[in-house]
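Worksheet for the structure shown next.
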């Protein structure tokens with residue numbers, strides 16, 4: 001912690017940015033946390049021990065990174081902005097912190113080194129793709145900050161406005177728990193809406209990888225047209241599953257004799273439970289890949 005100075009986290013952050021001539025770009029998701037209490041709360045949610053290797057995406061100048069490093073065995077910190085990366089590298093050296101693996105790269109493009117926890121104030125413009133990428137890795141828990149509206153979609157109930165591809169994908173992979181909201185006043189520059197801190201805990205009894213891969217394709221195709229009937233949504237987004245000819249697909253769907261499956265095809269995407277989407281995807285996958 002910054003106990004050796006009387007500076008607030010806000011003043012310290014602004015001073016570091018000013019000294020290095022940095023102007024943050026909201027469009028790149030550069031909203032830096034300046035609320036010390038929320039920073040400490042986020043870290044405490046992670047229940048970090050000296051056994052933990054923590055992954056952090058979008059480190060900024062190290063508001064979380066430095067404190068995480070004091071508690072964890074190791075921190076894998078990924079920052080895409082080269083100038084910000086260099087500022088953090090200098091800060092780590094000055095603080096004599098040597099258990100941070102600092103990576104200057106695009107988190108969406110790199111393979112993550114081994115880790116067991118994720119704690120991040122995520123760049124908001126990559127919230128969706130980075131969350132889907134996390135699902136490809138094994139981890140114990142993740143404490144993640146998102147825009148509040150995005151966080152609400154992560155646990156969207158079937159049939160509600162928040163029910164989405166995101167909530168359907170997370171359903172089989174993780175328990176999702178909203179831990180706290182964070183006011184827009186807690187950041188510089190101030191974002192337009194509040195944020196939420198969410199805890200993801202992987203489920204023990206997950207569906208087989210092959211089934212989830214199929215489910216993932218169908219879910220992506222279906223939620224392109226969440227208010228359409230299943231049949232029409234799949235026809236319109238067939239290229240996501242397989243590049244099948246439209247007329248061929250229509251004929252195969254019309255030839256289905258399974259009454260239950262035909263009933264599903266006539267329903268709107270938004271009313272189908274994840275278990276039902278899984279059942280539909282497993283039954284229809286052969287039709288797309290004959």
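The values are calculated or read from the model by the stated rules, or taken from the named source; none is laboratory data. Quantities reported herein were computed from a predicted structural model and do not represent experimental measurements. Cβ coordinates were reconstructed from backbone atoms using ideal geometry, including for glycine residues, and neighbour counts include every protein chain displayed.
A compact table of results
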item: Those residues of the range 77-113 which are surrounded by 13 or more Cβ atoms within 10 Å (Cβ to Cβ), within 22 Å of residue 19 (Cα to Cα) and within 24 Å of the chain's Cα centre (by Cα), in sequence order; result: 79, 80, 81, 84, 85, 88, 102, 104
item: Within the range 114-140, tally of residues that are farther than 19 Å from residue 181 by Cα and more than 10 Å from the chain's Cα centre (by Cα); result: 9
item: From the options 223, 288, residue that is buried (at least 18 other Cβ atoms within 10 Å of the Cβ), closer than 17 Å to residue 170 by Cα and in contact with a helix residue (DSSP H, G or I) (Cβ under 9 Å, 6 or more places away or on another chain); result: 223
item: Some residue of the range 18-30 being modelled with pLDDT of 85 or more, under 24 Å from residue 147 (Cα atoms) and assigned by TED's automatic domain parsing to the domain that holds residue 147; result: no
item: Among (1) farther than 18 Å from residue 167 by Cα; (2) free of Cβ contacts under 8 Å to residues at least 40 places away in the same chain - the single one residue 285 does not satisfy; result: (2)
